[in-house]
């Protein structure tokens, strides 16, 4: 024997439930290390969750339920969840769900394969909720493992009928110009026409906001334009409420992580379109996009989108991801679409009754949708 004998002591796997901002702050360094090891998205970073929790309205209806899996003193798994009371039902959902896409667990790549199921069992046993609903799941999301009934002994989640779509631009192009030439003649003409129309009113400039520039004026402009759009379409979002700190807090997280990319289209120095994006894993992700309706005829949002797509491809990024939402402006430019799934699980009598009601409502709506064309045909 050439050296001293060292006895390897196995680490002890334990689970924890985080329910307070104080504990969230304490475990943030370990969570950040796991986030880097697991190559998580910004939506799963502890600072993103903390920023949301610090600024979210209606705190009295919410509660943190963040499950942790420890391997000795090393954090190997995180399920960042929160409860929200809705119509008397305690819903368990992704923390920061309102402002996040692609929910998933964080699990260390070299951890025990049973980590995620053990973590979910701990969350389930701790209770505090009636119905669990996890949505916006990519096809390769790790939480799909929670739909294996045999390993979870009745605590498994089940596929839910709700789904969403995510559109992307991805292809073999080496430059933005190559991508632009693959577009239809009409799309290229609309882009040139939009730029020309705006240029007749002043100097048009597309640019990436420098990291040293103050973000506050741009974020204020984004919130103002978004409120106009929301009011026109009868919608609401606390992300853009007058005086709301949510948007600035989340954007600051992206900036601190070095991921933030804010693209602006300016006409004589006035912002006519903005896209708050972040860049991760070779992908440009579009988080918030808006435009000035005063220039709607020129489609400034479309012009800006085509500009930042070309900018991204010129810098070697493989994909431009428009994130969740099946809006037509995304679909028109996308070369790929990804179906996002959801799953649900019940706990206790109230939860099971709520799940049954949800299923019955879905069946009823599906039946009415199928029967409607038949009824119209018979009337004719």
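Does residue 273 satisfy being over 21 Å from the mean Cα position of the chain (by Cα), buried (at least 21 other Cβ atoms within 10 Å of the Cβ) and closer than 30 Å to residue 199 by Cβ?
It is true that residue 273 is over 21 Å from the mean Cα position of the chain (by Cα), buried (at least 21 other Cβ atoms within 10 Å of the Cβ) and closer than 30 Å to residue 199 by Cβ.
Yes or no: residue 201 over 30 Å from residue 361 (Cα atoms), part of a loop (DSSP other than H, G, I, E, B) and either in contact (Cβ under 8 Å) with a residue 60 or more places away in the chain or more than 28 Å from the chain's Cα centre (by Cα) (or both)?
Considered against the rule, which asks whether it is over 30 Å from residue 361 (Cα atoms), part of a loop (DSSP other than H, G, I, E, B) and either in contact (Cβ under 8 Å) with a residue 60 or more places away in the chain or more than 28 Å from the chain's Cα centre (by Cα) (or both), residue 201 comes out as yes.
Of all the strands (runs of 3 or more DSSP E) wholly in region 48-144, which have at least 2 residues that are closer than 20 Å to residue 159 by Cα?
74-86, 89-94, 131-137
From 178, 148, 164, grab the single residue that is within 30 Å of residue 107 (Cβ to Cβ) and surrounded by 13 or more Cβ atoms within 10 Å (Cβ to Cβ).
Just a single option satisfies the conditions, and that option is 164.
Taking the stated definitions as given, is residue 97 out of contact with any helix residue (DSSP H, G or I) (no Cβ under 8 Å at 6 or more places or on another chain), outside the structural domain of residue 280 (by TED's automatic domain parsing) and surrounded by fewer than 15 Cβ atoms within 10 Å (Cβ to Cβ)?
For residue 97, the condition - out of contact with any helix residue (DSSP H, G or I) (no Cβ under 8 Å at 6 or more places or on another chain), outside the structural domain of residue 280 (by TED's automatic domain parsing) and surrounded by fewer than 15 Cβ atoms within 10 Å (Cβ to Cβ) - is not met.
Of 264, 222, which residue is under 29 Å from residue 282 (Cβ atoms) and part of a helix (DSSP H, G or I)?
Among 264, 222, only 222 is under 29 Å from residue 282 (Cβ atoms) and part of a helix (DSSP H, G or I).
Tally time: how many residues in region 326-346 are in contact with a strand residue (DSSP E or B) (Cβ under 7 Å, 6 or more places away or on another chain) and in a loop (DSSP other than H, G, I, E, B)?
So the count comes out to 3.
Name the one entry in 332, 347, 370 that is outside the structural domain of residue 183 (by TED's automatic domain parsing), surrounded by 12 or more Cβ atoms within 10 Å (Cβ to Cβ) and within 30 Å of residue 87 (Cβ to Cβ).
The conditions single out 347.
The values are calculated or read from the model by the stated rules, or taken from the named source; none is laboratory data. Everything quoted here is computed from the prediction, not taken from an experiment. Because the Cβ atoms are built from the backbone with ideal geometry, glycine has one as well, and the counts that use them run over all protein chains shown.
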